[in-house]
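Input: a single structure, listed below in structure tokens.
Every number in this text was worked out from the coordinates using simple rules, so none of it is lab data. Quick caveat, the model's predicted, so the values are computed rather than measured. Counting neighbours? That spans all protein chains shown, and the Cβs are built from the backbone with ideal geometry, glycine included.
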Amino acid sequence: MPDLPEFIQYLYEEYRSLDSGSLASYIPELTKVNPNWFAISIITKEGEVFEVGDISENFTIQSISKVFVFGMALEDCGRQILLEKIGVEPTGDPFNSVIRLDENSKRPDNPMVNAGAIATAGLIKGSNPTDKLNRMLDMFRRYIGHDVYIDAPVFMSERATGHRNRALANLLLNFGIIDRNIEEILDLYFQQCSIVVNCHDLAVMAATLANRGINPINQDKAIEPCYVRDILSVMYTCGMYNYAGEWAYKVGIPAKSGVSGGIIAVIPDRAGIAVYSPLIDHRGNSIRGIKVFEALSEEFQLHLLDFPLEQCPFLDISHRDPIRRL
Ligand code: GLN
């Protein structure tokens, strides 16, 4: 089994020339990034950091925010209310699909697709929009370990062009999932998507989930530990949209992608991993990101459902528990 720092350096060299995919242009402001940016960061629950590439380039978090706002809504409202409003079923549809919300369930299938995330934003508590936003920024600060801010041009760009999200919000109002303040709820959703992060920040956030909600760098508690299980479950089944099944099968760790090119993944009780490369496929997942995770999972046997090696005579037992050895 290779040395981890050497292996991520190798992955970086191997995939940096892979230039298929495109920038997410449906949010015009997202095309203003350098398509070559590429970074990998792994942070263990003990706070050890392994990283390579454009680690400190900033970008907006986009759909990766859904994971953390879902956790916040769980803390604000509890499991029961959330389940009444938002399901936990993978859709097999694109992240911004309107169809199933209208045809089938009348409630969003899960909090990782846009319909569910807008409904989740509608559940965040606060006395007024500023209070809700400030609570949300504070939640992200606890996960990341420093103050966070919103990329105003990206926020304005999403707000000006987010017609599908507006359509979803109107349907959610029609089905009684959110209240009348559609523009206020959409603003909060667009703001959460426009929070500025870098690849290192994302790995710290993932490592915080891996460490049962405690930020492994500064020991701050970001979320009640009892809800980490809820978050990881929906990440595992729904985090990669209509690629979630293949991801669970091949990579086998809870993950979440965003259209700006980030992917986070959580190895419970071990480490958080983040990859950033803004060239995405037609499903909205980073192409280099998927390659890197496939290779990491294969090489270090990270698949959570891997057959116990003790019972598998073909595999060497010493290859077990790679991240513990980091
Ligand atoms: N802000 C984006 C949207 O609502 C997030 C989508 C994503 O990252 N998949 O369309």
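Observations, loosely collected:
- Residue by residue, the stretch 277-287 carries 3J(HN,Hα) couplings of 7, x, 7, 10, 8, 5, 8, x, 10, 4, 6 Hz when phi is fed to the Karplus relation 6.51 cos²θ - 1.76 cosθ + 1.60 (θ = phi - 60°); x denotes Gly or Pro.
- Percent of Cα pairs in the stretch 157-211 per distance bin of 10 Å, from zero to the largest separation: 21, 36, 24, 19, 0.
- Length-normalised contact order for the stretch 245-295 - Cα pairs under 8 Å, 6+ apart - percent: 31
- Taking amide H positions as modeled 1.01 Å from N, with prolines and chain starts lacking one, the residues under 5 Å from ARG212 and 5 or more places away or on another chain are ASP269.
- Computed over the stretch 170-305: relative contact order in percent, which uses C-alpha pairs under 8 Å that are six or more apart: 21
- Intensity falloff of the stretch 54-121 expressed as log10 I(q)/I(0), Debye formula with alpha-carbon point scatterers, at q = 0.14 Å⁻¹: -0.44
- 3J(HN,Hα) from dihedral phi, the stretch 239-244, Karplus parametrisation 6.51/-1.76/1.60, rounded to Hz, x for glycine, proline: x, 10, 6, 7, 10, 4
- Each Lys and Arg contributes +1 and each Asp and Glu -1, all at the Cβ; summed about the Cα centre of the stretch 144-190, the dipole is approximately 260 debye.
- Fluctuation leader among ILE61, ILE118, ILE81 - the chain, Gaussian network, Cα springs under 10 angstrom: ILE81
- Cβ-placed point charges (K, R +1; D, E -1), dipole of the chain about Cα centre in debye, nearest 20: 800
- Radius of gyration and Dmax over the Cα atoms of the stretch 1-84, both given in Å: 17.6, 47
- Note, ³J(HN,Hα) from phi for the stretch 168-174, Karplus 6.51, -1.76, 1.60, rounded to Hz, x at Gly and Pro: 4, 5, 5, 5, 4, 5, 4
- Total charge dipole magnitude, the stretch 230-287, about the Cα centre, Cβ charges on Lys, Arg, Asp, Glu only, Debye to nearest 20: 80
- Gyration tensor over alpha-carbon atoms, the stretch 204-272, equivalent ellipsoid semi-axes in Å: 21, 12, 10
- Top positive-direction residue, dipole computed over the stretch 156-267 with Cβ charges, set GLY262, ILE214, TYR189: GLY262
- For the stretch 28-156, pairs of C-alpha atoms spaced more than 26 angstrom apart make up 36 percent of the total.
- For the chain, radius of gyration divided by Kirkwood radius, i.e. Rg to Rh on alpha-carbons: 0.96
- Residues LEU82, LEU101 arranged by fewest to most Cβ contacts within 10 Å: LEU82, LEU101
- Farthest towards the positive end of the charge dipole of the chain, among the residues GLY162, SER20, MET240, is the Cα of GLY162, using unit charges on the Cβ of Lys, Arg, Asp and Glu.
- Estimated from helical segments only, the mean residue ellipticity of the chain at 222 nm is -13000 deg cm²/dmol, where each DSSP H run of four or more residues counts as -39500 (n - 2.57).
- The Kirkwood radius of the stretch 160-304, taken over pairs of alpha-carbon atoms, gives through the Stokes-Einstein law at 10 °C and 1.306 mPa s a diffusion coefficient of 97 µm² s⁻¹.
- Listed peptides 68-77, 219-228 by packing density, highest first (mean Cβ within 10 Å): 68-77, 219-228
- Order of GLU184, GLU6 under a 10 Å beta carbon neighbour criterion, fewest first: GLU6, GLU184
- Cα-based Rg and Dmax for the stretch 96-221, where Dmax is the largest Cα-Cα distance (Å): 15.6, 46
- Separation between Cα centres of the stretch 197-248 and the stretch 1-30, rounded to whole Å: 21
- Relative packing of peptides 246-254, 191-199, 17-25, 50-58 - highest average C-beta neighbours within 10 Å first: 191-199, 246-254, 50-58, 17-25
- Residues SER97, SER65 in ascending order of nearby Cβ atoms (within 10 Å, fewest first): SER97, SER65.
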